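Everything on this sheet refers to the single structure shown next.
The values are calculated or read from the model by the stated rules, or taken from the named source; none is laboratory data. Keep in mind that this is a model prediction, so the values were computed, not measured. Glycine also receives a Cβ, built like all others from the backbone with ideal geometry; neighbour counts cover every protein chain displayed. Surface accessibility is based on the protein's heavy atoms, side chains included, excluding ligands, DNA and RNA. Shrake-Rupley method; radii C 1.70, N 1.55, O 1.52, S 1.80 Å.
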6 protein chains.
Amino acid sequence: MRPIAVYPGSFDPPTNGHLDIILRATHLFPKVIVAITDNANKYPTFPLKDRLKMLRESTKHISSVQVEFFSGLLVNYLKKKKATVIIRGLRAISDFEYEFQMALMNRKLNKGIETVFLMPDEAYTYISSSLINEVSRLGGNIKDLVPHSVEMLMKKKKKGV
Amino acid sequence: MRPIAVYPGSFDPPTNGHLDIILRATHLFPKVIVAITDNANKYPTFPLKDRLKMLRESTKHISSVQVEFFSGLLVNYLKKKKATVIIRGLRAISDFEYEFQMALMNRKLNKGIETVFLMPDEAYTYISSSLINEVSRLGGNIKDLVPHSVEMLMKKKKKGV
Amino acid sequence: MRPIAVYPGSFDPPTNGHLDIILRATHLFPKVIVAITDNANKYPTFPLKDRLKMLRESTKHISSVQVEFFSGLLVNYLKKKKATVIIRGLRAISDFEYEFQMALMNRKLNKGIETVFLMPDEAYTYISSSLINEVSRLGGNIKDLVPHSVEMLMKKKKKGV
Amino acid sequence: MRPIAVYPGSFDPPTNGHLDIILRATHLFPKVIVAITDNANKYPTFPLKDRLKMLRESTKHISSVQVEFFSGLLVNYLKKKKATVIIRGLRAISDFEYEFQMALMNRKLNKGIETVFLMPDEAYTYISSSLINEVSRLGGNIKDLVPHSVEMLMKKKKKGV
Amino acid sequence: MRPIAVYPGSFDPPTNGHLDIILRATHLFPKVIVAITDNANKYPTFPLKDRLKMLRESTKHISSVQVEFFSGLLVNYLKKKKATVIIRGLRAISDFEYEFQMALMNRKLNKGIETVFLMPDEAYTYISSSLINEVSRLGGNIKDLVPHSVEMLMKKKKKGV
Amino acid sequence: MRPIAVYPGSFDPPTNGHLDIILRATHLFPKVIVAITDNANKYPTFPLKDRLKMLRESTKHISSVQVEFFSGLLVNYLKKKKATVIIRGLRAISDFEYEFQMALMNRKLNKGIETVFLMPDEAYTYISSSLINEVSRLGGNIKDLVPHSVEMLMKKKKKGV
């Protein structure tokens, strides 16, 4: 049986870097569940339902991708979904340290789960959700950095719609 | 005269990684003072007196260990205690950068003080107090990651006792 | 035409490390604008006007240095000032990761802007504004770590003047 | 169709860390080809045929693993094997830098190939082929660090058999 | 007086990453001397005169660039050339460590010299001379990774012309 | 009983950074054995007997320091010397990775041995034996970087005495 993969994150907002990792994951696994959480993110910029909408809109052309919320322990969520693979993107050293720690903890909590690290296109090296929020807040152009549906929603948000 | 060592930290809560470093330090120095502080930790998960209790409980079988509070500058505390050695655990790169900076600053504030870095068992690479708090909050099992007395207190706390 | 350089930062407070970078930048560029911002610093220790005063006082002997506030996108500020160079100091790995990301983002926002990294004297490796604030708050001596005018203002501040 | 994976390396000699990665890879992919090369290793400690033998012996109980030689460009070898995934183990920062560079180069040479990074058990953090060769040469015990068949061959080799 | 800059290196062979740094340097300094050395490179792939030729050919359209050999201490070479700036490209962590050490040593040897670090386009993150030599040796296509004149010479070399 | 410490290395040649670490170690341990080896250094710049002489000369004023050769496994040498502590200096990230790996391996080979990491003065951040050899070979002044006896011997060596 081919393993199901979960790509967890805050996606606040989703970026082109996230989309790049999602696409790569679909080449490796028959089903990729993008799992949005607020576990580590107490004051999000976008409400969960907006992030769900943006991710579904940006991935609707990829049939093997499913977008969901999750809360609680990631390893419990994987069990419920019969998934055994966690997908994580690796951009840089500081990513690596944190990701390494999380992956070892998740393995400790459930030995049957494997964390798989993928590398985004080098064009997305400098993109993070928080940096995009900052650039957008200060009036910068984020057109090439996020999916179209995210750009539209961020514009609306700024206009106070 | 053999140097007295101070192992400072938040210990919020103490972990098996902390205990591992304490034990290693006792093989090197005749007296090891574990010094709990809230200097860099404005909203602790556990009150100081709980952390003192947990650390005393977990180290009561090691006669050369003494557990105390401290506040103010670490170098002043060492002077008061006639200690000349600071013990720090090194787990990873990000640790290293921060620890390096603190050690140089403490040396600048008092040239007579030496910071000694020890490496915990590799089994504790992924353990940090904040990660343990998060796993516990989300319902994960932290039994192998903290001393028994810490596990008991964390359970009580979750039940609202 | 020789390029004008901008050295952006919070400078909360300015340190001897900052002054070292400013001086080095003046050997390379005919005009160096030190640009103070609160973009990433919502609860500063010193108000903007104090930081402006401290930096102007500490750099008044260097005619090619100009100290200013800025808000909004850094690349827009450079355009307004007809500047094409961003100066950044590199102390350590963690600096490097963040600086790399910012420099790539600024290049993306304006291809005509170059980020130039300089290395401070190794004596300033361990100095950061936040560490100086912490040492000062805990009663430590910061005399050799900040310019004289900063030391004076920090003393006044602590006395509640 | 499920992707075939190639795990390339010198394996001079194979270690328990290598075996750990091979096993993890078989949980993800239906066929894992362990591909031994001397591309970057002009003066190997073990001849290619010994490494082939040791790896085949150590993996004979895993039916989805196949051990082979390869030379030339890795991406060409994958094409020949109809494989689209490169497996790499990530132990530490220095690994990461080099692996990142290789993965980007391989992606440049063939966009259809994905490099997947797996993390070995933390017990294997300190194991590398070159360190094992050094420890063995100096008379140290490598029993827990390499597969049994490797230990046997290394012993024979030392006796000059 | 505007400072003259020296960009030292082995350039064995020159890559598009090197060319990118050279171009950026010319936006900052009125004269950029590309200085080829074999100081740290005892068995070069290309003889010095070929590297000189390739670099001159690739930079002939930039009037402020001059290509030369140098041997001996870099700081002495700068003095002879009345240059006060060393240009270095920063791609990654491992670069940074080594470059940091060299820059501090050069500053120790001559306080009047400043090392300026520039960041190449992220498209060149994975390119290094040694990797290009390896890819080319194994039959890979290096067309987008090196200047045209370098590609031509490498082809000739492989044909044994 | 207070632990005996061993500070192993190539010391090819000894530097002021090495001397700084030796001095710091003597503040912590009653006896510090500086142990010179050629284990990882097949083509040393200075013969073992010269390094022994230079280190003995540079440490003759510190009565608790003893200088010796060793070969074979470091942990076996410690056992023979009834020592239980390995001293290592930490300058930078790349140091750290390698040192971490070695310390874990030595702990694996003998659980009773502790590696203690000390930080040299930041003035010695950029000094390494290989860099000093290179600077000296190219005619640079190494006076402030090595002990006097080392400087003298290096001068003699260059004159071919």
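Observations, loosely collected:
- Per the rotation superposing chains E and C, the chain E residue found at the smallest beta carbon distance from the axis is E:117, 2, distance in Å.
- Cross-link pairs exceeding 25 Å in C-alpha to C-alpha distance, out of D:53/E:42; A:49/A:108; E:53/E:157; A:53/C:111; B:111/E:111, comprise D:53/E:42; A:49/A:108; A:53/C:111; B:111/E:111.
- Summary for residue E:71: label point 7 Å along Cα→Cβ; distances to the equivalent points in the other copies, ascending, 3.6, 3.6, 6.1, 6.8, 7.3 nm.
- Accessible surface buried by the B/A pair amounts to about 1300 Å², both sides summed, 1.4 Å probe.
- Build a GNM of chain A with springs between Cα atoms under 10 Å apart, and of A:36, A:142, A:87 the one that fluctuates most is A:142.
- Residue with peak Gaussian network fluctuation, chain D [Cα springs, cutoff 10 Å], from D:54, D:105, D:119: D:105
- √(5λ) per eigenvalue of the Cα gyration tensor, the range F:4-159, largest first, Å: 25, 16, 15
- Cut-off under 5 Å, modelled amide H: who pairs with residue D:89 long-range: D:118
- Of D:128, D:63, D:136, the one that fluctuates the most in a GNM where chain D has Cα springs shorter than 10 Å: D:63
- In this assembly of identical copies, the label point of residue F:2 (Cα plus 7 Å along Cα-to-Cβ) is separated from its counterparts by 0.9, 5.8, 6.3, 6.3, 6.7 nm, sorted shortest first.
- Shape box of the protein assembly as shown [Cα atoms, principal axes, largest first, Å]: 72, 70, 69
- 7 Å along Cα→Cβ, label-point gaps from residue E:110 to other copies, nm, shortest first: 3.4, 4.4, 4.9, 4.9, 6.2
- In sequence order, the range E:23-38 has phi-based couplings of 4, 4, 5, 5, 6, 9, 10, x, 9, 10, 9, 7, 10, 8, 9, 10 Hz under the Karplus curve 6.51 cos²θ - 1.76 cosθ + 1.60, θ = phi - 60°, and Gly or Pro positions carry x.
- Taken about its Cα centre, the range B:4-159 carries a charge dipole of about 700 debye when Lys and Arg each add +1 at the Cβ and Asp and Glu each add -1 at the Cβ.
- Note that the range B:53-100 carries a Kirkwood radius of 13.1 Å, evaluated over its alpha carbons pair by pair.
- Per-residue Karplus couplings for the range B:50-58, computed as 6.51 cos²θ - 1.76 cosθ + 1.60 with θ equal to phi - 60°, are listed in order as 5, 5, 4, 4, 4, 5, 5, 4, 6 Hz, Gly and Pro entered as x.
- Once the C-beta distance of residue A:49 and residue E:123 is scaled by a Förster radius of 51 Å, the resulting FRET efficiency is 0.85 to the nearest 0.05.
- Of all DSSP beta bridges confined to the protein assembly as shown, the antiparallel ones make up roughly 5%.
- q = 0.20 Å⁻¹, the range E:1-93: log10 I(q)/I(0) [Debye, one scatterer per Cα]: -0.98
- Only helices enter the 222 nm calculation for chain A: every DSSP H run of n ≥ 4 contributes -39,500 (n - 2.57), and dividing by all residues gives -13000 deg cm²/dmol, rounded to 500.
- Computed from backbone phi with θ = phi - 60° and the Karplus coefficients 6.51, -1.76 and 1.60, the 3J(HN,Hα) list for the range C:60-77 is 5, 7, 10, 5, 7, 9, 10, 10, 8, 8, 8, 9, x, 6, 4, 5, 5, 4 Hz; x is used for glycine and proline.
- Normalised per residue, the volume of the convex hull around the Cα set of the range D:40-125 (Å³): 133
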